[in-house]
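First up is the structure itself, then whatever we jot down about it.
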Amino acid sequence: VSAYWAMFPEFKGGRYVVLYEGEGKLSYGFSAKLVESKPGRDVVDIYPDSNNGAAIIVGLGSTDPNKTGNYLRNIRMIPLAYENTYTQQPFNPDFLDRTRPFQVLRFMDWMNTNNATLANWSQRPLPENARYTQGKGFPLETMLALSNTLDRDPWFNMPHMATDDFMRQFATLTKAKLKAGRKVYVEYSNEVWNGIFAQSSYALAQGRAQWPDSMADDHTIRMNWYGKRTGEMCQIWKEVFGNDAS
């Protein structure tokens, strides 16, 4: 079994540490070369080249060889320079430096807003999920941590199928964890007018169900319902923030 990670062209490579729990062995290929290994910790050099670009292979050579249930798990790949600090500072300092110039952080893509499938709070992504780049997107806790670390205002996009309870819980956690004094921008979904996204057809269906006798065209019905839901969303957030609603 192997995992394929394709890095962006600007990936600069370098020396990384791979930490894991359990018994077994990992292997590395393409631009990744193993230089040191001991149980629970490998050191790997990753240098993009003309043949492999910036792609790396991490292979699962063996796991739980003694059949005791102590399988390989909690695998982390971290720049060696940050091995001793990553638990206290989960964001790569290079990433923070590149993000710091922005005054508002719009998390539309981090939340996988387009064609979102989230509706209920119980379905939300959690910090302990193995990955944030597919499916449900990033946990709210991680987005708030970035906003707090950079001291920047967050801009959230509520999933188009989110229930009132989802929005209320989202707002409640934001109020509890976001630094005092920061503004919060809240948008209902993204480009609901755009027919290529599921949120567009959803809004139209909800609007037609809300006003079955309307003779208005689809765009008008869609946008009217979008406005209605946006108003309901804003009211929920204002109720949660109370005296801090401004």
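What Kirkwood hydrodynamic radius do you get for region 59-133 when you take the inverse of the mean 1/r over all pairs of distinct Cα atoms, in Å? Mind dumping the intermediate values first?
On the way: mean 1/r = 0.0609 Å⁻¹.
Answer for region 59-133: a Kirkwood hydrodynamic radius of 16.4 Å.
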## Note on the structure
Here the gain from full extension of residue 161 to residue 148, 0.36 nm per residue of separation minus their alpha-carbon distance, amounts to 1.9 nm
### Task
Could you provide, to the nearest whole Å², the per residue accessible area of the chain with probe 1.4 Å?
57
### Query
By how many degrees, 0 to 90 and rounded to 10, does the Cα axis of helix 198-210 deviate from the longest principal axis of the chain?
30
### Task
Measure of size requested: the Rg and Dmax of region 142-204, with Cα atoms as the atom set and Å as the unit; please supply both.
13.6, 39
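Enumerate by residue number the trypsin sites (Lys or Arg not before Pro) in region 64-130 meeting two conditions: DSSP loop (anything except H, G, I, E, B), and at most 10 other Cβ atoms within 10 Å of the site's Cβ. Please list the in-between numbers first.
Working: sites: 67, 73, 76, 98, 106; in loops: 67.
Here the sparse-neighbourhood loop sites are 67.
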### Query
Please state the relative contact order of region 15-114 as a whole percent: Cα pairs under 8 Å, 6+ residues apart?
31
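What trypsin sites (Lys or Arg not before Pro) does region 156-191 have in DSSP loop regions with at most 13 other beta carbons within 10 Å? Before the final figure, lay out the partial values.
Details: sites: 168, 175, 177, 179, 182, 183; in loops: 179, 182, 183.
Listed in order of number, the matching sites are 179, 183.
Using a Förster radius of 30 Å, what is the FRET efficiency between residue 141 and residue 80 based on their Cβ-Cβ separation? Nearest 0.05, please.
On the way: r = 27 Å, r/R0 = 0.88.
Step by step, r from the Cβ atoms, then E = 0.70.
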### Message
Can you compute 3J(HN,Hα) from phi for each residue in region 42-47, using the Karplus curve 6.51 cos²θ - 1.76 cosθ + 1.60 with θ = phi - 60°, rounded to whole Hz and x for Gly and Pro?
### Response
10, 10, 10, 9, 10, 10
### Message
As an exercise, use a Förster radius of 25 Å and the Cβ-Cβ distance of residue 92 and residue 126 to find the FRET efficiency, rounded to the nearest 0.05.
### Response
0.75
#### Entry: Taking the chain and dividing mean pair separation by its residue count, relative contact order in percent (alpha carbons under 8 Å, at least six apart)
14
### Query
Using 15 Å as the cut-off for backbone N distance, which residues of region 204-246 belong to the label zone defined by a point 7 Å from the Cα of residue 183 along Cα→Cβ?
245-246
### Task
Take the chain, compute every pairwise Cα distance, and split them into 10 Å bins from 0; I just need the percent in each bin.
6, 23, 27, 21, 15, 6, 1, 0
## Note on the structure
With only helices counted (DSSP H, runs n ≥ 4, each -39500 (n - 2.57)), the per-residue ellipticity at 222 nm for the chain, to the nearest 500, works out to -9000 deg cm²/dmol
## Note on the structure
Computed ³J(HN,Hα) along region 177-186: with the Karplus parameters 6.51/-1.76/1.60, θ = phi - 60°, integer Hz and x for glycine or proline, the list is 10, 7, 3, 4, x, 7, 8, 10, 9, 10
### Query
Across 5 Å bins from 0, what is the distribution of all Cα-Cα pair distances for region 176-246, in whole percents?
3, 15, 22, 17, 13, 10, 11, 5, 2, 0
### Message
I'd like the distance between the alpha-carbon centres of region 108-122 and region 59-97, rounded to an integer number of Å.
### Response
27
### Query
Out of every Cα pair in region 128-246, what percent are spaced more than 22 Å from each other?
43
### Task
Mind grabbing the accessible area of residue 191 for me, 1.4 Å probe, Å², rounded to tens?
70
### Summary
Whole-percent carbon and sulfur contribution to the accessible surface of region 18-145 (1.4 Å, no ligands, DNA or RNA) stands at 51
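The values are calculated or read from the model by the stated rules, or taken from the named source; none is laboratory data. In this text the structure is predicted, and so the values were computed from the model without any measurement. Note that each Cβ is placed from the backbone with ideal geometry, even for glycine, and that neighbours are counted across all protein chains shown. For accessibility, only protein heavy atoms count, side chains too; no ligands or nucleic acids. Shrake-Rupley method; radii C 1.70, N 1.55, O 1.52, S 1.80 Å.
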